[in-house]
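Working notes, beginning with the structure itself.
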């Protein structure tokens, strides 16, 4: 077991707090990126994956809290739990809006719920090495997933093309509030993994599992949306559409996503090297939803 890895950018560490945001969806159109259902639905998959996934994060982290021997890290993990719980709730609240527009996500979200609650859920294992192994596997999986949530958070904070295309401002605020908090807490999951285990073999193995699972679930989600969108007829999308939108800037560039792989697998990797805490904090200081949440408690 390794000790907590030194945090390379200690000056960037800030206390993590959950912001109790809320969003009103009645003015958000079905295709909230005008004239671009593919981009809209590719990003909409977040609303289907994240509620169950982030509830699972919270569940696992509550189990690992007793293993934390570093007070600062414990404080970070508690803040992370609060933020992730709020993310789950905020994305969950988009689903009734989708239903009102003729897109019932229940068949897909039922599969996602099964994946996180059953396949990756608690198992009846004898106390000791077996149960600890399963807990550490899940902590490592979360660290790998958080690498990509931070990547996506950094991307959406800089995705100016979405603004140029006239994307719905409420949806952009949800995505950027969430993305900013992902950048803000981007080191917590990795630091926790290093603290309770730190095995490079486990990090590499669980990265492969997390990456392949995310790709599988995401492409199924996009296909589900495109096949069930009541306004769409004719040919559906392909991988070429993903590449093209990445070149245009309305989705992450394929090359950038691929370049993120060796960074995570580098033995010298630390998430503080990704994204900008200053940019994240700056957005959170101007986000309409975050400002409203702050005003409500002040």
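The values are calculated or read from the model by the stated rules, or taken from the named source; none is laboratory data. What you see is a predicted model, and the numbers here were worked out from it, not measured in a lab. Neighbour counts run over all protein chains shown; Cβ positions are idealised from the backbone, glycine included.
Cβ-Cβ distance below 6 Å, separation of 6 or more or different chains: which pairs start in the range 243-254 with a residue that is at positive phi and end on one that is at pLDDT 95 or above? If the second residue must be at pLDDT 95 or above, the pairs left are 249/161.
Every residue, every condition in (1) over 25 Å from residue 230 (Cα atoms); (2) touching a residue at least 60 places away in the same chain (Cβ under 8 Å); (3) surrounded by fewer than 17 Cβ atoms within 10 Å (Cβ to Cβ), yes or no:
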| residue | (1), (2), (3) |
| --- | --- |
| 105 | no, yes, no |
| 115 | yes, yes, no |
| 121 | yes, yes, yes |
| 143 | yes, yes, no |
| 147 | yes, yes, no |
| 160 | yes, yes, yes |
| 163 | yes, no, yes |
| 167 | no, yes, no |
| 177 | yes, yes, no |
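On inspection, residue 189 fails the criterion of being at negative phi, part of a loop (DSSP other than H, G, I, E, B) and crowded, with 16+ Cβ neighbours inside 10 Å.
Conditions tested, residue by residue: (1) in contact with a strand residue (DSSP E or B) (Cβ under 9 Å, 6 or more places away or on another chain); (2) closer than 22 Å to residue 252 by Cβ; (3) surrounded by fewer than 21 Cβ atoms within 10 Å (Cβ to Cβ); (4) in contact (Cβ under 8 Å) with a residue 12 or more places away in the chain.
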position	(1), (2), (3), (4)
20	no, no, yes, yes
25	no, no, yes, yes
50	no, yes, no, yes
54	no, yes, no, yes
69	no, no, yes, yes
77	no, no, no, yes
87	no, yes, no, yes
